[in-house]
Amino acid sequence: MGPMNDDVVSDRGVWYRVESGSAASTARRAAERLGAQLALGDARIADLSIVAAELTSNLVKHADDGVLLLRPVRHDGNAGVELVALDSGPGMADLTASIEDGHSTVGTLGIGLGAIVRQASWFDGYSRPPRGTVLAVQVWPKADGGHERPWVGALSRPIPGESVSGDGYAWRIVEGRRQVLVCDGLGHGPLASAATDAALDAFRKAPAGAPSAVVAHLHRSMSHTRGAALAVAEPDPSAGVLRYSGLGNIAAAVIGGDGKRRGLVSLPGIAGHQRPSVREYDYPFDADALLVMHSDGVVDRWQFADYPGLADRSPLVVAAALLRDAGTRRDDACVLAARAWS
């Protein structure tokens, strides 16, 4: 697992399986190269190297099934490096305490987390024994600048054996509308990825409009591809509403402040083919609500009640935890989470 070309890291990122010291070194060097390509500056690249070294060292020493996602992040013309580390055990009962230098339940885990937090521009995490740990870190050119409180987070990974994923995601703010997209190109591999790339490009360029209008635009823009299942959602906390329009097997749910889950309706169809019927549905979406969307590479049997405290974490950490636990190995997989934060 890793890039076919070590010098190329797309915005969707590259996954590394980190089970040995050599794999950890490969991921750290890739992070340093990405930092240089994004012009972080020597001092911040050195900080990034420490973060990558500590994350991968923790995966090698303490984790089960440890993987690391490396990708660029962008905001208002600035670019930084994001790393997301996932593992399936043993987990930490108190992540906050483990971050404090000197506190460690296993070897040097706590000390390593303290170093990560000190070098990071932004950090979030979630850990529960025995499920494992999710750690998300961003390093920007300025230690305290270039980023904002994230209202949306997403990850995708390819089916084993493929270097690219046919699943993808995007978000945008256009004329005050906050909109998100999850897309599942038909099949796997480069042609599925090309269909999703076409959808993401069309989404970013689409005129401002309701989710149903955007979905119709995507359908018209994808006729040259093999097609995709996709869905567009628009959280509108000021109106207390989530507007949603989907085609095909994209699963979506609103998690209320009480933890209850309400599924959203996607109609049958394939964007780019079959002249699908496009409709839009409105759902209650309060200030403390959470939207979760995912492709069919994620088993739709997860329950938020199984993750005490996860609702308080960032959307990226929510998405990462669900991808780790519910993503299948028989398909590409993608999870997106978004909040009502304005």
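The values are calculated or read from the model by the stated rules, or taken from the named source; none is laboratory data. Since this is a predicted model, take the numbers as computed values, not measurements. Cβ: placed from backbone, ideal geometry, glycine included. Neighbour counts: every protein chain shown. These area figures cover heavy atoms from the full protein model, side chains too; ligands, DNA and RNA do not enter into them. Shrake-Rupley method; radii C 1.70, N 1.55, O 1.52, S 1.80 Å.
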Quiz item: Could you sort 281, 169 by accessible area so the largest value comes first, with the probe set to 1.4 Å?
Solution: 281, 169
Quiz item: At a Förster radius of 30 Å, what calculated FRET efficiency corresponds to the Cβ-Cβ distance of residue 36 and residue 60, to the nearest 0.05?
Solution: 0.80
Self-check item: Where segment 215-342 is the region considered: accessible area per residue in Å², 1.4 Å probe
Solution: 41 Å²
Practice problem: Quick one: grab the alpha carbon gyration tensor of segment 132-242, order the square roots of its eigenvalues as a ≥ b ≥ c, and give me rounded if a/c is under 1.5, else prolate or oblate depending on whether a/b is larger than b/c. | Solution: oblate
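Counting only heavy atoms of the protein chains, get the accessible area per residue of segment 29-98 (1.4 Å probe) and round it to a whole Å² value.
Accessible surface, normalised per residue, equals 38 Å².
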Quiz item: In segment 127-188, which trypsin sites (Lys or Arg not before Pro) fall in coil by DSSP and have 15 or fewer other Cβ atoms within 10 Å?
Solution: 142
Practice problem: Could you work out the relative contact order of segment 145-218, using alpha carbon pairs under 8 angstrom and six or more residues apart, expressed as a whole percent? | Solution: 24 percent
Quiz prompt | Extended-chain gain in nm, criterion 0.36 nm per residue less alpha-carbon gap, residue 241 and residue 118 | solution = 40.4 nm
Exercise. Using a 1.4 angstrom probe on heavy atoms only, work out the carbon and sulfur share of the accessible area of segment 12-54 in %.
Key: 52 percent
Practice problem: Could you please state how large a percent of the accessible area of segment 163-317 is carbon and sulfur, counting protein chains only and using a 1.4 Å probe? | Solution: 50 percent
Exercise. Quick one: check the C-alpha center-to-center distance for segment 39-67 versus segment 270-342, whole angstrom.
Key: 27 Å
Quiz item: Which shape class, rounded, prolate or oblate, goes with segment 220-342 when its Cα gyration tensor gives a ≥ b ≥ c as root eigenvalues, a/c under 1.5 marks rounded, and past that a/b bigger than b/c marks prolate?
Solution: oblate
Quiz item: Sorted by mean Cβ packing within 10 Å, highest first, what order do the peptides 65-77, 240-252, 319-331 take?
Solution: 240-252, 319-331, 65-77
Quiz item: Tell me, what is the percent relative contact order of the chain, built from C-alpha pairs under 8 Å that lie six or more residues apart?
Solution: 14 percent
Quiz item: If packing is taken as the mean number of other Cβ atoms within 10 Å per residue, what is the order of 15-22, 292-299, 36-43, 200-207, highest first?
Solution: 292-299, 15-22, 200-207, 36-43
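Rounded, prolate or oblate: which one fits segment 203-271, using the alpha carbon gyration tensor with axes a ≥ b ≥ c (rounded when a/c is under 1.5, else prolate when a/b beats b/c, else oblate)? Each step should come with its number before you reach the end.
On the way: a/c = 3.34, a/b = 1.59, b/c = 2.10.
Judged from the Cα gyration tensor, segment 203-271 comes out oblate (a/c at least 1.5, b/c at or above a/b).
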Exercise. Determine ³J(HN,Hα), in whole Hz, for all residues of segment 249-260 in sequence, where each value follows from phi through the Karplus function 6.51 cos²θ - 1.76 cosθ + 1.60 and θ = phi - 60°; x replaces Gly and Pro.
Key: 8, 9, 8, 8, 8, 9, 9, x, x, 8, x, 6
